[in-house]
Amino acid sequence: MDTGELAAFTTSLRQAAQRHGGDFDKGLEEVGWREALADDPSAARAVFAVQGELNLSSSALDDVLLHAAGHPPSPDHAVLISPAGIGTRRLATARSVLVIHGHLAVTVPRNSLTIRTVRGLDPGGGWTEVAGVPSLASLGHGELLSDATLAAGRLAIATELAATARAMLELARAHAVDRIQFGKPIAAFQAVRHRLADSLIATASAEAAVDAGWEEATPYTATMAKAIAGHSARTVARHAQQVLAGMGFTSEHPFHRYLRRVLVLDRLLGTATELSTAMGQTAIRFHEVPATLAL
Amino acid sequence: MKLAEFRPALDAWLTEHAGELTPTEPGLDAAMAHLSTVKRLAYDAGWMRWGWPERVGGLGGSPLLRGYLGEALTARGFVEPGIYSLTEVLAPTMIDFAAPELAAEMVPKLLRGDETWCQGFSEPSTGSNLASLTCRAVATDTGWRVNGQKVWTSLAQYAQRCVLLTRTGPPESANSTDKHRGITALFVDMDSPGIMVRPIETMHGAPEFCEVFFDDVDVPVSRTLGAEGQGWAVAMDLLPYERSTALWHRGAFLHKRLDDLVREAPDGRLSARDVGAVLEQIYAFRARSRTTLHRLDAGEQLGAETSLDKALLGLAEQSLFDLVEATLSDEVAFGDSPTDAEWRSEFLYSRAATIYGGSAEIQRNIIAKRLLDLGAEA
């Protein structure tokens, strides 16, 4: 999609989200998300950016991974990410499940798995767990996933994390400008200003890494995007929470829902620290830093 | 010329001429002489002219070509990006503000390596508060007479010219609320009578910064950059260049030095988590800088948002050299081989990455006010 098409698709996604409240799967259905994905994988860029911005949850990640693995995305086909054994809410209703374990995957009937709806840290996220994920060997014929499959998933999650960081910063900024203490907005105090500035620095680097991932989609740029977006989102969450102070600690304020989502998204397909450590390990082993990010 | 053609052609040329382009001697004098050689060779072969307008001796084309040239020279260790960067910083200012004939005469000398230029901005009493500068220029029949002092002027001892900020408004305007208005930029010959340059010894061991003293220095009116009182606009025009192509080159340098570290560090000394964290930090900075260069290429006006790039450089550079010091601690502390001395010098220099060119705190003030629109500070 070019910039204009992406902007138009984003607008229709926001409108669909508004019509359907928190259940973004319905909204996605309405805008023809799976057809858009089949047509052009960069449709995911808009979907995950809107999810992050508006703190929505959906099963779009299943579709991205299925599409990248060469399976037709369908509401009847869910994805289970091992070893965490976690998936989206689609796991509860699909007929078959693609179980991903590292670079191996196998498709099994859903009713062969024991499903539990997760409350946990992010009860609104629709996360679903499979109790006792079976070993791949016991599941029979598997398939080898290319690096590109995991990369597609990581880039999608990175896109959402970067948008979530931007949204948390905006919540904190709005509060800092409105909240009066000592006779002036707290945004007038340098300690607050510098926390918000550091949040923007982190957000901008996440957005740049995500942009680079979409422009030059390789396993390395996707992994970097997820690592940077994951760390950045945590940085922004820390500063934003401190600026929001008591207000942000209440359940009425939306901040906590973004924080919960960040912490869970970071767990999927490798945490920021796991991914960057693995890249460090590779650099040490091969005595070389990958040449990437051409102008 | 498109970047896609420029890149392989330049790469081939650099490989072919690697012998002449590789520096052989240590020290700043040798590095400056070698920089002139590299620029001369690259200019004569055309590479150094791409990305600059034809009216100043360039061959036209995108600034991305300049971005790649500096990156390629840095990545191969042919130039040190700190001393190379003044070209990227000062040539655009001349192109934007000098009289066309002056720019046409002078810019090719800078690009070809015939000359070194310096940037006379900071003063002893104006560090972060640049606009309160007091180096005075008074109008004469033929131009300006300059009196005052500059400090932290990079490479002034090698420079033939200086882009100098002076106060031409009344002296008290330096402390007023419209201190930005009484500033005028001049292009000064460094061999003018009355200029004295004194290099500053610094903790990292290379005397690349200087104090510059001006004692009744006459500057012709034709050497005014922009109009009288427009000096702040000149400074603001220059800073985004300092934070675009020049930072991209610095990113190439950090990438190369991390690569050198993982090649050179003895087995077992590096932690995967630490290397990964630095790799990530450098990548984040470069990704941001890349975005900025593409905006420059699209003809966008760069401004305060380049403070984000500068802030990310500070984080990346210090995280890299913290890792260097932690990994090669004996070498940095006790080693006296040229390699050890280089790591040590770069580690010490990295401490300044959050100070020079607008401190980390000033960048955050700018980000808060201009990019986040947080209103006035208490």
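Any read-out appearing in this document is the output of simple, stated calculations on the displayed coordinates, not a laboratory observation. Note that the structure is a prediction, hence the values are computed from the model and not measured. Reconstructed Cβ throughout: ideal geometry from the backbone, glycine too, with neighbour counts over all protein chains shown.
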* With labels modelled as points extended 7 Å from the Cα through the Cβ direction, what inter-label distance (nm, one decimal) is found for B:ALA4 paired with B:ARG181? -> 5.2
* Using 0.36 nm per residue, how much length does the chain from B:SER128 to B:ILE200 gain when fully extended, once their Cα-Cα distance is taken away? -> 24.0 nm
* Asked: For region B:102-207, what's the relative contact order in percent, using C-alpha pairs closer than 8 Å and at least 6 residues apart?
  -> 25
* Which aspartates and glutamates does B:LYS2 reach when only Cα atoms under 12 Å apart count, and residues fewer than 8 places away in its own chain are ignored? -> B:ASP297
* Asked: How about B:LYS369: which lysines have a C-alpha closer than 24 Å to its C-alpha, ignoring those fewer than 8 places off in the same chain?
  -> A:LYS184, B:LYS179, B:LYS310
* Whole-Å semi-axes of region B:1-123's equivalent ellipsoid (Cα gyration tensor) -> 22, 19, 12
* In degrees between 0 and 90, to the nearest 10, how far off the longest principal axis of chain A does helix A:190-215 point, with axes built from Cα atoms? -> 30
* Quotient of Cα Rg and 2.2 N^0.38 Å for region B:118-231, N being how many residues it contains -> 1.01
* Asked: Given Cα pairs under 8 Å that are at least 6 residues apart, what percent is the relative contact order of chain B?
  -> 14
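Regarding region A:3-144, what's the average projected area of the Cα-atom convex hull, expressed in nm²?
On the way: hull surface 33.8 nm².
Reported value for the Cα convex hull: 8.4 nm².
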* Structure fact -> Once the mean of 1/r over all distinct C-alpha pairs in the protein assembly as shown is inverted, the Kirkwood radius in Å reads 27.2
* Residue by residue, what Karplus-based ³J(HN,Hα) values in Hz, rounded to whole numbers, does region B:367-378 have, using 6.51, -1.76 and 1.60 with θ = phi - 60° and x for Gly and Pro? -> 4, 5, 7, 8, 9, 9, 6, 8, x, 6, 7, 5
* What GluC sites (Glu not before Pro) in region B:297-341 are in a loop by DSSP, with at most 16 other Cβ atoms within 10 Å of the Cβ? -> B:GLU300
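Neighbouring Cβ atoms within 10 Å as the yardstick, rank B:LYS369, B:LYS2 fewest first.
Details: B:LYS369 17, B:LYS2 10.
Going from sparsest to densest Cβ surroundings: B:LYS2, B:LYS369.
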* Report the residue, chosen from B:GLY19, B:GLY61, B:GLY231, that carries the largest GNM mean-square fluctuation when chain B is represented by alpha-carbon nodes joined by springs under 10 Å. => B:GLY19
* For the modelled label position 7 Å from the Cα of B:GLU377 along Cα-to-Cβ, which residues of region A:166-202 have backbone nitrogen atoms closer than 13 Å? -> A:188-195, A:197
* Treating the angle as unsigned and between 0 and 90°, give the value, to the nearest 10°, between the Cα long axis of helix A:147-178 and the longest Cα principal axis of chain A. => 20
* Structure fact -> Unit-weight point scatterers at every alpha-carbon of region A:91-229, Debye formula, q = 0.12 1/Å: log10 I(q)/I(0) is -0.71
* Asked: Taking the convex hull of the alpha carbon atoms in region B:243-371, what volume per residue do you get, in Å³?
  -> 102
* Can you give the FRET efficiency for A:GLN281 and A:ALA148, using 1/(1 + (r/R0)^6), R0 = 35 Å, r = Cβ-Cβ distance, to the nearest 0.05? -> 0.95
* Structure fact -> Counting other chain Cβ atoms within 10 Å of each Cβ in B:310-320 and taking the mean gives 2
* Helix B:338-350 versus the longest principal axis of chain B: what is the Cα-based angle in degrees, 0 to 90, to the nearest 10? -> 50
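Enter the mean number of other protein chain beta carbons within 10 Å of the beta carbon of each residue in B:133-144, as an integer.
Going residue by residue through B:133-144 and averaging, the value is 0.
When Cβ neighbours within 10 Å are restricted to other protein chains, what is their mean count per residue of peptide A:264-275?
Taking all residues of A:264-275 together, the mean is 1.
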* Asked: What is the distance, in nm, between label points placed 7 Å from the Cα along the Cα-to-Cβ direction at A:ARG116 and at B:LEU59?
  -> 6.7
